[in-house]
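The values are calculated or read from the model by the stated rules, or taken from the named source; none is laboratory data. Not measured: the values here are computed from a predicted model. Virtual Cβ from ideal backbone geometry, glycine too; neighbours counted across all protein chains shown. Heads up: the accessible areas ignore ligands, DNA and RNA and are worked out on the full protein's heavy atoms, side chains in. Shrake-Rupley method; radii C 1.70, N 1.55, O 1.52, S 1.80 Å.
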Amino acid sequence: MNAVYIAICLVVLKLIFDFILLKRIPKWFKLDKESSAKFPESSWSCCIYFIGWVWDLYNIVYNRKSLFFDLSSHWKYWKPGMEVEPELYWLLMFQLGAYMHFLFTTIFVSTKRKDFSILVTHHLVTIALILWAYGVRYHYVGLLVLFLHDIGDVLLEFGKTVIYFKEMDGQKYPKIENIANGLFATFIFSWFLCRLYWFPMKVMYSTTVACVLVCNEGAFYLPFNILLFLLYCMQVYWTYFIVKLLVKVLLRGDLEDNREYDVEKRQKERKK
């Protein structure tokens, strides 16, 4: 229930911050209508992902460095019903509540994109993964999954937030666009390293090989690995859009989210 309370609080906080601050900032800086509509969503998401990733980082670097380098440490002391440390428990509850809140805002609040169904599926799979990781005490693996994924979301949402300021009051600011391009390049690096390389090499190896070698009790392995495989398939799917956006940036310097319906409509209008 703690995660549900956190999700409700985040939804309420989003509505409050949208009203008192996030919808007013675009007016102060005189952003165009499209950027003004997108800024609250991206800036809020960036804040939530940043809080989550800093918390992930604290748990990985400060408390459990071995989880990243020694995959067998995920399973050495595993047993059903083992105690989950308070700082890790509350991190999992925060992340679970955050993804419940993202699921709600994706369905009822945010701009609908071409990958809407994939995005909803992603949130559902992530919620199921966190629940399963906590329920069967695979929480160390769950922590590593969150650590590898959240940094990319921080960079993506921050880059989108910055790019909305490339044109203010009808005047373009190339330096701001260059900063956004730099963030996009860093995001791409983190995406390929963390999600496409480290995720299978660290997480999926741990749950398919290390777990059997160290703790050969496989009752819960299969459902967990199915969820991890679905998550990885979605990362591969989104890689197509990332590469497509990269090509656009290199050829035309057009840094826009090519998943969005309004972008697709605008491109059709240009062709006409």
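The set of residues from segment 22-35 being free of Cβ contacts under 8 Å to residues at least 24 places away in the same chain and either surrounded by fewer than 14 Cβ atoms within 10 Å (Cβ to Cβ) or in a helix (DSSP H, G or I) (or both) comprises Leu22, Arg24, Ile25, Lys27, Trp28, Lys33.
Yes/no per residue for (1) under 26 Å from Val125 (Cα atoms); (2) in contact (Cβ under 8 Å) with a residue 40 or more places away in the chain; (3) open to solvent by 50 Å² or more (accessible area, probe 1.4 Å):
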| residue | (1), (2), (3) |
| --- | --- |
| Met1 | yes, no, yes |
| Ile20 | no, no, yes |
| Ile51 | yes, yes, yes |
| Asn59 | yes, yes, no |
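Which of the residues that make up segment 82-120 are open to solvent by less than 60 Å² (accessible area, probe 1.4 Å), in contact (Cβ under 8 Å) with a residue 40 or more places away in the chain, out of contact with any helix residue (DSSP H, G or I) (no Cβ under 6 Å at 6 or more places or on another chain) and not in a helix (DSSP H, G or I)? Result: Met82, Thr111, Arg113, Asp115. Whether a residue is out of contact with any helix residue (DSSP H, G or I) (no Cβ under 8 Å at 6 or more places or on another chain) and free of Cβ contacts under 8 Å to residues at least 12 places away in the same chain was assessed, and Gly135 passes this test. Does Glu269 count as open to solvent by 80 Å² or more (accessible area, probe 1.4 Å), under 21 Å from Val145 (Cβ atoms) and at pLDDT below 85? So Glu269 fails the test.
Note on segment 156-187: residues that are in contact with a Gly (Cβ under 9 Å, 6 or more places away or on another chain) and β-branched (Val, Ile, Thr) total 2.
Given the condition surrounded by 14 or more Cβ atoms within 10 Å (Cβ to Cβ) and at pLDDT 90 or above, answer yes or no: does some residue in segment 246-253 qualify? No: segment 246-253 contains no residue that is surrounded by 14 or more Cβ atoms within 10 Å (Cβ to Cβ) and at pLDDT 90 or above.
Lys14 satisfies every condition listed in (1) touching a strand residue (DSSP E or B) at 6+ places or on another chain (Cβ under 6 Å); (2) open to solvent by less than 20 Å² (accessible area, probe 1.4 Å); (3) basic (Lys, Arg) except (1). From the residues in segment 151-210 that are open to solvent by less than 50 Å² (accessible area, probe 1.4 Å) and basic (Lys, Arg), which one is farthest from Glu34 (Cα to Cα)? Once the filter is applied, the top-ranked residue is Lys202.
Which residues, counting only those in segment 128-150, are open to solvent by less than 20 Å² (accessible area, probe 1.4 Å) and either within 20 Å of Leu103 (Cα to Cα) or in contact with a Lys or Arg (Cβ under 8 Å, 6 or more places away or on another chain) (or both)? Correct list: Leu129, Ile130, Ala133, Gly142, Leu143, Leu144, Val145, Leu146, Leu148, His149, Asp150. Does segment 98-115 hold any residues that are closer than 21 Å to Ser36 by Cα and touching a Ser or Thr at 6+ places or on another chain (Cβ under 8 Å), and which are they? Selection gives Phe102 alone.
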